[in-house]
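The values are calculated or read from the model by the stated rules, or taken from the named source; none is laboratory data. Everything numeric here is computed off the predicted structure, so don't read it as measured data. Here the Cβ positions follow ideal geometry from the backbone for every residue, glycine too, while neighbour counts run over all protein chains shown. These accessible areas exclude ligands, DNA and RNA; they are computed on the full protein's heavy atoms, side chains included. Shrake-Rupley method; radii C 1.70, N 1.55, O 1.52, S 1.80 Å.
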Amino acid sequence: ANGAFLNAYAAVNGALNDTVRVEFNANGGSSEYPYRYYVKGMQYKELSGAARTGCTFVDWYLGNDKVTADSYVPSNKDKIYLYARWSARVRYKDDGKYVGPVQKVYFGRSGTFKADEKTSKTGYKFAGWNFNGKTYKYGESLTITGDMILTARWEELYRIIRFNTRYFDDMPSQK
């Protein structure tokens with residue numbers, strides 16, 4: 001309740017000398033509040049919520065420092081930006097079945113990870129992992145912006161052709 005009163009008061013009367021305007025950058029998602037005012041040197045107590053399709057909200061960050069409701073508001077700034085950090089899952093699929101463990105990737109607006117799951121198939125060479133029509137070779141970096149499922153791509157090495165020779169054995173010889 002105090003946070004709501006302070007934000008309403010600061011919005012009407014302008015930023016107070018003892019407050020910090022905190023802007024929430026959701027890094028490709030959306031935040032509950034675009035900004036809020038907090039008292040310098042006090043705990044945040046309440047932060048904006050955030051949402052993004054295909055991702056899980058992790059926390060707010062000020063540079064590399066995680067900011068929680070228990071963190072203290074900087075007292076040497078009038079305005080700061082908190083940035084959302086997200087996580088997403090990467091799964092690998094081969095012949096309709098999931099292979100390997102689920103990878104969890106953490107990032108801001110976007111992040112990268114290496115497609116490094118291995119798989120094999122008799123008579124085929126592994127060509128890489130496919131996502132949205134593009135094939136990524138083993139160990140190649142991909143940009144992630146949400147949950148992903150990569151599908152194995154194969155190149156046929158050889159084809160086994162079986163002949164039924166029974167019919168040829170019954171043919172009369174030609175002399």
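Some notes on this structure:
- Contact annotation: residue pairs with Cβ atoms under 8 Å, 6 or more positions apart or on different chains, pairing a residue in region 85-102 that is more than 11 Å from Thr119 (Cα to Cα) and without any contact (Cβ under 8 Å) to a residue 24 or more places away in the chain with a partner that is hydrophobic (A, V, I, L, M, F, W, C) and open to solvent by less than 20 Å² (accessible area, probe 1.4 Å), are Val102/Val90.
- Taken over region 106-119, residues that are open to solvent by 20 Å² or more (accessible area, probe 1.4 Å) and over 24 Å from Glu23 (Cα atoms) amount to 6.
- Filtered residues of region 43-65 (kept if surrounded by 13 or more Cβ atoms within 10 Å (Cβ to Cβ), of a type in the set (D, E, K, R) and outside any loop (DSSP other than H, G, I, E, B)): Asp59
- When region 85-105 is filtered for residues that are surrounded by 14 or more Cβ atoms within 10 Å (Cβ to Cβ) and under 12 Å from the mean Cα position of the chain (by Cα), the ones remaining, listed by number, are Arg85, Trp86, Ser87, Ala88, Arg89, Val90, Arg91, Gln103, Val105.
- Some residue of region 8-27 being among the acidic types (Asp, Glu), at pLDDT 95 or above, within 24 Å of Leu142 (Cα to Cα) and under 28 Å from the mean Cα position of the chain (by Cα): no
- Of all the numbered requirements in (1) in contact with a Phe, Trp or Tyr (Cβ under 8 Å, 6 or more places away or on another chain); (2) open to solvent by 50 Å² or more (accessible area, probe 1.4 Å), Gly128 misses one, and that requirement is (2).
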